[in-house]
Amino acid sequence: MSPRVLLVGVGGASCSGKSTLTNWLAKIFDCKVVHQDKFYLPDSEIPMVNGVADWDCPEAIDTRRFVETLRDAKLAQSGFQSELGDNRPKLDESEVAPQILANLCASAAAAKSLAGCEVVLVDGFLLFQDPRVYLEFGAAFFLRASFETLLARRNARERYITAEGYWEDPPGYFEEFVYPAYLRNNKLILDGKLAQQHADLHASLTILDTDATTIEDNVVRAVARLWPTLPPLAERRPTKLSLHNTTLVDNYAWLRNIDSDPAVARHLADENGYATSVLATLEPLRSALIGELSMPPNMDTGAISPCLPVNELIQTFWEDGDFIYWISYDSAQPNLRPHPIYRRRRHRTLSDDPDDDCICSGANRQPLATAIETVLDLNDVVANNATYVYVGVFEPSPFDPNLITYSLDLDGSERYTLHIHNLHLEGGMDRVIATNTYYSARWQSSHPDASTASHWLLFNSVDPVLGTPTSIWRACVWQCEAKGASGNPSIPHMLYHEKDIAMTVELSSSTDQAVVFIKVVGQITSELHLLLSPSLEGPATRLIARRTQGVVYDAEHHNGVLYVRTNLADRGNFALIRASLADLSERPLPESHSMFETVIPHSPYRFIEKIEVVAGHLVVWFWSDGLRQFCIAALERLPISCEPALLSNPDRAESQVYSLMPGTLEDIDARLFRPRVTTCMLITLSSFLTPRSTFAVSFKDLSLRHVHRSPTRAFDPNLYHQLRLWTTPLGQDSPNMRVPVSVVYRRDAHQTGSKPTEPRPTLLLAYGAYGGFQETAFDGDLFSLLDRGVLVAVCHPRGDGDLGAWWYTQGKYESKANTFADTRGCLMGLIDQGFAREGSIALKGRSAGGLVAGDAIRWMRDGRGPYANVVIAQVPFVDPIADLVDPSVPWTPFEWFEWGSPLNKTIFDAMLRYSPYLNIEPGLQPAALVTTGLHDPRVPFYEPAKFVAKLREFKPAATHESAPLLLRVYGAGHFSSQDGTSRIQELADWYSFVLKFIAQ
C-alpha cells in the first residue's frame, strides 16, 4: 500500500526566500520537490506586453500540466520524481545550526513513520491564484518581505535559465511587472479574504515574514507547522546561574524576553498552533463536551427564595443593608450579552417583624413585591467580544447604597480599573477613579447623616515595579463640598505605603461595618491599622499592634471591643482573644498580650480559620479532622464554649465529603457581607453530589431554614457515590500518618457497597501549598467525566491546611517533598484499595500544584512507564530556584516565606532535589497538557513555556503522537475569564485530552 502524501505549497513573491525554505524542508523531510518554474512555457510562447516578455502572469505557466503533476505526486506512485527547476539556490549549511538540524530531522522522520505519510513540497511564485492549484495543498506557506527587500534581492540575482536560453531583467522590470503581478495574483491572502472563501486553506496556511526573521527561525517554525503535526523545538541558548558552588545551566531562559526578542512570540505562536492541531484530532469528543458543558441548568432543580425572582438564572446572592443583591446573566441573549448583571431589591422595611427578620426565610414570608433594580449591567460597560473579563470588587456603600464601586480586569494582569457607579445621577453615572488597583475597596463617610456627609472611597493599589499591592489610597467621590472634604479631595491621595517588599496591603472591615482596617499581610506575619474618619484632624490611621515576625492576627469589632484571632506564642492553630479598642497600644502584640482576655484557647485538634461577630453573636469557623465546621455563641456569655454544628457522621465516609461556607461564598477569603441587625446568618452547604444549598441558621436555637438551592443540570444523585478515604504517604515510616482523599464516581449497575466492582480510570487532583483548603463542593461540570467512567479524587496532602497548622508546615520549605510523597500515597492507596485502575491515571495540578504535576511526570512503574498516563499542569509553578532567586521579580520576597529563598543553602539543596524543571531526564513521559497566560502576574508565561521546551528535549520522538506534549498559551492571566464561553472552551480542551489518553 502506498503511503499517504501531504502536498505542501511554498509560495510568495519572487526572491522572498521560498526556494531556500523549500531546500531546507526537503533536506529535513527527505522528500521530493515540484518546482513551478519547471512548467514555464517555451520562451517563444511567453505573453508579451509592450514588447517585453511577462514571465509573472498566469498565462506564462502550463497550468494544466502543473496540476496533473501535483495530482500524480499525491498518488505517491513509485515512479514519481521531483520536478526541479534550473535556478534553485544552493543550500547554505551555515543557515541552520547543526544541533537544531539534527533535532528537526529526527522529529520529522519519527512523525513520517508514525503517520505513514510522505511529504511533497511545491515551490512556486504563482501558487495561490488558481484554485485548481491551491486546493490541492494539505498545508501551505506564504513568504513575504517588503518591496525594498524584494527589489534589492531581485537586482542582485544572476541571469535566469529559461527553457530555451537565458533571461535578464530589463530596467524597471521588477517595478512594472513582477511586483504588481505579485500583488494581483496573491490578492486573496494580502487582502485578508482567504478565510471567507477558503476556510480550510486559511487554517492550513502559515505566513512567514522574511524581513524580520532568520532563515533558521523560519525553518524551525515551518517544520513545527507541517502535518503530520510536529512539536515546535525551542532553540537552546545556555544561560548560567551559580549558587552555593553549583552552576545551573538553563537553555530556555531566553523565553522570558518577549519584549525584546521576536523569536519568543513566534515560538509561543507555534506552540499554540501545534496544540490546536493536536486538540483538533480529539473531535467529535471535544464538541460533544462543549455541548454538554454549555447546557443551561434546569430551573426546576432549584428551590427559590421568596426574596429572589423566579425567572432569572441566579449565579449568587447576598444581603447587604436593607437590600438583597444577586448576579444573573441574560439567558435570552447569551452571546450578545455574556457579562454579569448585578440586581437588587429592598427586602427590609420599617414594618418588618423584628422577631422574624431572618433573611428571606421567615415562617410567614411571602414573595416580595418590591421593585427589582438593575444596579450594574456589565454588558453596557464591556464589549460583548471581550476576550477576558474579571470583576475584582463590587462594593455598595453602607452609608448610601446608591453609591457603588466596582473594578474590572480586561486582560488577566490582575491590575484593575476602579469605577464609581453613582445611582443618584441619571443612568447611574459611571466614572473611573483609579487604574492599577487590586482586590479590595471600602467606604467611609465624614459623619452619620449620609444625606449631608462627604463619601470617601478607599482602595489598594499595585506598585508598578514590584507588581504587588503596597499602598492604600482614599478619594472623596460624592458631596465633596461637605464638611471634612478640604483641598481637592476628589484626587486620590495615599494614606499608607508599605516599605517591606515581602508584605502586601489590603482593606477589610468588621462585620458591623463600624471600623475599616488596613491589613498588612505576609505569608507568616501580619499587622492591622485602624482607619480613622476622614473628618478627623491628625493621622488617618492608628496601629493596632506592631508586627512580629511569625505572628499572624486579624480582628473583628463589636461595641468598642476587638476580637482578635492570633497564632501568638506558638499557637499555630490560632486562639481567640479580646480587648477594648480604647485600651490597645501600638506595642508589638507579644508585649501587649497582657491587655487581652482569652475567649477561645488554642487547641491542637482545631484550626480556627475565620471569626465573625454578627448581631451580638460570635461565629467561629474552624477545621477539625480535615472538615470545616462552625460554632455560634452569644458574646455576653463567657467563657465561650465552641460546640460545632453536626454536619457529618464520623461512621459514614460519604458524609465526610462536603463544602461548608459562610454566607453564599464560594471562596472563604472573598468579601463576605452580613446584615447588621438579624436573628440568623446564612451558610451554604454542598458536596460532590449535593448542589449548593443556602440555609439560615437561627441564633436562637441553631435551627436551619432552607433559603435557596442553586439550579443545576438535571442528574440523579443515586447513580453516584462519594466518600472519604485515608491513605499512607509513600515512603512514610510512621504508621499513624494518614492522608485524606475525597472520591466521587458513578456507581456500577450491580454495585452494593462503597467500592466499584472494578477499578476505574482515575483523575487525581492535588495542590498542597499555602495552607489552603481544597473544597469538595458541587461542580456540575464533573459529570461529563463521571458519566464516561472516570473516578475523580481530591488528595489533601501536607502543604494544604486540612489537618491544621502542622499539616501545612510539614509541606513547606525544606519539607516540601512531603507534599509529593502524600500525593503519590493518595494514588497508590486508591489503587491498593481497588478504586483506581493502574495504568489508567490522570493527574491535574494548578499553579503551586504544578510542582505536584511536574513531579508526577517522573513517577515510574518499575520500568513499565509512567504511573500517570496524563498530566494536566495549569499555569504551573515548576522552577522554584530561578523564580525565587531574584528579589526584583514581582512577588518573590513575599513567596520566600512559603518556599524559602534559594539563597539559603538548605533551601537550595531541597529545591535541587524536588524542582520539576531541574530533574527532567530522558525517558518515557505521560501525555501532558500545560497551560499558561500571557499576562499572568503570578506564574509568568515563560515558566510553563520553558518547562515544555525542556521536556520536549528529553522526550522520545516516537511518542509525540501516542503521548503528546502540548503548551496552550491563553491571552489572559492566572485565572480564567468569568465569561462562560472561555471557561467552557478551556474545560473542553483538558477534559477531552484526559479522556483520550487516560487509558492508552
Of those in segment 40-71 that are part of a helix (DSSP H, G or I) and open to solvent by less than 40 Å² (accessible area, probe 1.4 Å), the residue nearest to Leu183 (Cα to Cα) is Pro58
Residues in segment 717-747 that are open to solvent by 40 Å² or more (accessible area, probe 1.4 Å), assigned to a loop (DSSP other than H, G, I, E, B) and either over 20 Å from Gly834 (Cβ atoms) or not hydroxyl-bearing (Ser, Thr, Tyr) (or both) total 9
Exactly one of Leu151, Leu143, Leu104 is surrounded by 13 or more Cβ atoms within 10 Å (Cβ to Cβ), in contact with a helix residue (DSSP H, G or I) (Cβ under 7 Å, 6 or more places away or on another chain), without any contact (Cβ under 8 Å) to a residue 60 or more places away in the chain and aliphatic (A, V, I, L, M), and that one is Leu151
Output for Cβ contacts, cut-off 7 Å, separation at least six or different chains, first residue closer than 17 Å to Leu495 by Cα and hydroxyl-bearing (Ser, Thr, Tyr) in segment 426-451, second open to solvent by 50 Å² or more (accessible area, probe 1.4 Å) and in a loop (DSSP other than H, G, I, E, B), reads Ser445/Phe399; Ser446/Lys483
Over segment 698-711, the set of residues part of a loop (DSSP other than H, G, I, E, B) and surrounded by 15 or more Cβ atoms within 10 Å (Cβ to Cβ) is Phe699, Ser710, Pro711
Please verify whether segment 430-442 includes one or more residues that are surrounded by fewer than 17 Cβ atoms within 10 Å (Cβ to Cβ) and assigned to a loop (DSSP other than H, G, I, E, B). no
Of the candidates Asp261, Asp270, the one satisfying the condition of being open to solvent by less than 60 Å² (accessible area, probe 1.4 Å), without any contact (Cβ under 8 Å) to a residue 12 or more places away in the chain and among the acidic types (Asp, Glu) is Asp261
Is it true that Thr679 is under 18 Å from Ser742 (Cα atoms) and touching a residue at least 60 places away in the same chain (Cβ under 8 Å)?
no
If you go through Val969, Val948, the only one that is open to solvent by less than 10 Å² (accessible area, probe 1.4 Å) and either closer than 27 Å to Ala109 by Cα or aliphatic (A, V, I, L, M) (or both) is Val948
The residue that is surrounded by the most Cβ atoms within 10 Å (Cβ to Cβ), considering only those in segment 154-186 that are of a type in the set (Ser, Thr, Tyr) and not in a loop (DSSP other than H, G, I, E, B), is Tyr182
Looking across segment 972-986 at residues that are in contact with a helix residue (DSSP H, G or I) (Cβ under 8 Å, 6 or more places away or on another chain) and part of a helix (DSSP H, G or I), the single one that is surrounded by the most Cβ atoms within 10 Å (Cβ to Cβ) is Ile984
Reported set for segment 452-474 where residues are touching a residue at least 40 places away in the same chain (Cβ under 8 Å) and more than 29 Å from the chain's Cα centre (by Cα) is Ala453, Ser454, His455, Trp456, Leu457, Arg474
In the set Ala714, Ala645, the lone residue that is open to solvent by 50 Å² or more (accessible area, probe 1.4 Å), small (Gly, Ala, Ser) and part of a loop (DSSP other than H, G, I, E, B) is Ala714
Original post:
If we scan segment 327-344, do we find a residue that is closer than 27 Å to Val707 by Cβ, at pLDDT below 95, in a helix (DSSP H, G or I) and open to solvent by less than 30 Å² (accessible area, probe 1.4 Å)?
Top reply: no
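Yes or no, residue by residue, for (1) among the polar types (S, T, N, Q); (2) in contact with a helix residue (DSSP H, G or I) (Cβ under 6 Å, 6 or more places away or on another chain); (3) on the phi < 0 side of the Ramachandran plot:
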site	(1), (2), (3)
Ser703	yes, no, yes
Ser710	yes, no, yes
Asp716	no, no, yes
Leu719	no, no, yes
Pro729	no, yes, yes
Asn736	yes, no, yes
Pro740	no, no, yes
Thr752	yes, no, yes
Scanning segment 665-697 for residues that are open to solvent by 20 Å² or more (accessible area, probe 1.4 Å) and either touching an Asp or Glu at 6+ places or on another chain (Cβ under 7 Å) or farther than 19 Å from Thr712 by Cβ (or both) gives Asp667, Asp669, Ala670, Arg671, Leu672, Phe673, Arg676, Val677, Thr679
Scanning segment 516-546 for residues that are in contact with an Asp or Glu (Cβ under 9 Å, 6 or more places away or on another chain) and under 20 Å from Cys476 (Cα atoms) gives Phe517, Ile518
Tell me whether segment 842-850 contains one or more residues that are under 15 Å from Ala963 (Cα atoms), within 23 Å of the chain's Cα centre (by Cα) and open to solvent by less than 30 Å² (accessible area, probe 1.4 Å).
yes
Arg237 vs (1) in contact (Cβ under 8 Å) with a residue 60 or more places away in the chain; (2) surrounded by fewer than 18 Cβ atoms within 10 Å (Cβ to Cβ); (3) under 30 Å from Thr959 (Cβ atoms): all pass except (1)
Can you say whether Glu953 is open to solvent by 40 Å² or more (accessible area, probe 1.4 Å), part of a helix (DSSP H, G or I), farther than 28 Å from Trp891 by Cα and not small (Gly, Ala, Ser), as far as the supplied structure shows? yes
Filtering segment 758-776 down to residues that are assigned to a loop (DSSP other than H, G, I, E, B) and either closer than 17 Å to Asp832 by Cβ or of a type in the set (A, V, I, L, M) (or both) yields Glu758, Pro759, Ala769
When (1) under 24 Å from Gly980 (Cβ atoms); (2) open to solvent by 20 Å² or more (accessible area, probe 1.4 Å) are applied to Asp449, the one that fails is (1)
Per the filter on segment 621-639, residues touching a residue at least 24 places away in the same chain (Cβ under 8 Å), surrounded by fewer than 18 Cβ atoms within 10 Å (Cβ to Cβ) and closer than 26 Å to Ser659 by Cβ are Asp625
Within segment 377-400, restricting to residues that are among the aromatic types (Phe, Trp, Tyr) and part of a loop (DSSP other than H, G, I, E, B), the one that is surrounded by the most Cβ atoms within 10 Å (Cβ to Cβ) is Tyr388
Of the candidates Val310, Val220, the one satisfying the condition of being out of contact with any strand residue (DSSP E or B) (no Cβ under 6 Å at 6 or more places or on another chain) and within 30 Å of Phe695 (Cα to Cα) is Val310
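The values are calculated or read from the model by the stated rules, or taken from the named source; none is laboratory data. Remember, predicted model here, so these are calculated numbers, not experimental data. All Cβ positions, even for glycine, are placed from backbone atoms using ideal geometry, and neighbour counts span all protein chains on display. Accessible surface is based on the protein model in full, side chains and every heavy atom, while ligands, DNA and RNA are left aside. Shrake-Rupley method; radii C 1.70, N 1.55, O 1.52, S 1.80 Å.
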